[in-house]
1. Is segment 1-59 rounded, prolate or oblate when judged by the Cα gyration tensor, a ≥ b ≥ c being the square roots of its eigenvalues, rounded requiring a/c under 1.5 and prolate requiring a/b larger than b/c?
2. How would Arg6, Arg144, Arg71, Arg14 rank on accessible area, largest to smallest, probe 1.4 Å?
3. Which aspartates and glutamates have a Cα less than 16 Å from the Cα of Lys43, not counting those fewer than 8 places away in the same chain?
4. Explain nothing, just the number: relative contact order of segment 1-157, from Cα pairs under 8 Å at least 6 residues apart, as a whole percent.
5. How do Glu154, Glu32, Glu11 rank by accessible surface area computed with a 1.4 Å probe, from largest to smallest?
6. Could you do me a favour and compute the accessible area per residue for the chain, 1.4 Å probe, result in Å²?
7. If each Cα of the chain is one equal point scatterer, what is log10 of I(q)/I(0) from the Debye formula at q = 0.11, 0.16, 0.18 Å⁻¹?
8. Taking every pair of alpha-carbon atoms in segment 70-139, give the share separated by more than 13 Å as a whole percent.
Amino acid sequence: MIYTSRIDLSENLRKQASALLQARLSDALDLEAQAKQAHWNVKGPHFLQLHQLFDTVHDEIEQFVDLLAERITALGHIADGRVATTASATSLYGYPFEAVGGEAHLKALAGSLSAFGKAVRAAIDDAATLGDADTSDLFTQISRETDKQLWFLEAHLQAH
Ligand SMILES: [Fe+2]
C-alpha cells in the first residue's frame, strides 16, 4: 500500500526505498529485543556494568527503529513493526536462549550487531543507487552508530 504524497520522489523510488528500510526495520526490531535479552539475563562478576551496557545498546537500537519506521511513513508506506512480521522477516540469527555469562552475551550480541551493520552498510549503496540520498544518509547514520556500539561490545572481548 502506498499513499499519495506531495514529496518529489516517484512512487517507484518510494516503493523500492521503503522495501530497503522495511528489511532493516525487521532486523532492528529483532536486535532491540536481543539487547534486552542480554540486559535481563547476563550473570557474572561484571554483571552491573554489562547489564547497563546492554541497555545502552538497546536504547541506541530503539532510535534506529524509529528512524527507519518514520522514513518509511515519510515515503508514504506503512511501517510494519508487528511482532509476527519481525519474526518471519528478520535476517539475524536467533539469540541463544541458554547464554548466561558476560562473554556469551557479549559474543551473541556482537554477532547480531555485526550482521546488522553489514546489511545496513550494503543498504547505503543500494539507496544511493536508487537515487534516494536521504535514505542513504539515514543508513549511513545508523551504520556509523552501529560500528560504535559494536566497538563498545568488542572492547570487552579484546582485553586479553
Ligand atoms: Fe532494565
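1. prolate
2. Arg6, Arg144, Arg71, Arg14
3. Asp55, Glu98, Glu103
4. 30
5. Glu11, Glu154, Glu32
6. Per-residue value: 54 Å².
7. -0.45, -0.84, -1.01
8. 74
The values are calculated or read from the model by the stated rules, or taken from the named source; none is laboratory data. All figures in this text were calculated on a predicted structure; none of them were measured in a lab. Cβ sites come from the backbone with ideal geometry, for glycine too, and all protein chains shown count toward neighbours. Ligands, DNA and RNA are excluded from the accessible area calculation, which covers all protein heavy atoms including side chains. Shrake-Rupley method; radii C 1.70, N 1.55, O 1.52, S 1.80 Å.
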